[in-house]
Amino acid sequence: MSSTSADALMSAVAERRSIYKLSNETTISKERIEELIQKVLLSTPSAFNTQSTRIVLLIGNEHRKLWDIVRAAVKPFVSGEQAQATEAKLASFQGSYGTIIFFEDPTAFNHLQAFKLYSDKFESWRDQTNGMHQVLLWTALNSEGMGANVQHYNPLIDDKVKETWSATIPSHWKLISQMVIGKPVDTASLDELDNRGKG
């Protein structure tokens, strides 16, 4: 890869950040989002080429239904001012364009069970692979003008999500995260970088 290409990649990575003020509009078509998802699934590396990550896109009523599920799941755990703040946050997520749900399929590692030396690493490898998928898709969407933020309401919502979308989400899939997407209402400021990258 040339330095110019590397600079373009790193510029795209640097511009990616969490954006929470999102509208229910989109800068690209649903088909384009699905295309990016497929490209990320095909291009992201995984341990032993297991390709264990699964991605589901929810928009419209299905997207809003997901956040109704989250709202019902967290309600017993919040009260007072915390409940009001939580409701405002969930309403903003629900008011965005859509949600991309990331899963892991544990059965993708079944053929590796004979390798006892590595068996205790499988879960860690799955999480690493899923994280790479999230960053790549997030960066790609940002490059197309879409904003995003990643949420983790699992395991509170796991069973209800699988029950609601049982036709497309197998019961053995492990829910990892929820990426909220939409057209940014305002631009996010990049926090001051620390010295982690300095030798």
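Only the coordinates and a few stated rules stand behind these numbers; no lab work does. Note that the structure is predicted; figures quoted are calculated from it, not measured.
Determine which aspartates and glutamates satisfy two conditions relative to residue 21: a Cα distance under 16 Å, and not lying fewer than 8 residues away in the same chain.
Within the straight-line cut-off, residue 21 pairs with 87, 186.
Give me Rg/Rg_expected for region 34-89, where Rg uses Cα atoms only and Rg_expected = 2.2 N^0.38 Å with N residues. Before the final figure, lay out the partial values.
Working: Rg = 17.2 Å, N = 56, 2.2 N^0.38 = 10.2 Å.
With N residues counted in region 34-89, Rg over 2.2 N^0.38 Å equals 1.69.
Taking the convex hull of the Cα atoms, report for region 18-184 its projected area averaged over all directions, in nm². Present the calculation step by step, with values, prior to reporting the outcome.
Values: hull surface 40.5 nm².
For the Cα atoms of region 18-184, the hull's average projected area reads 10.1 nm².
To make sure I understand the rule: partners must be lysines, Cα under 29 Å from the Cα of residue 121, and not fewer than 8 residues away in the same chain. Which ones qualify?
List returned: 39, 160, 162, 174.
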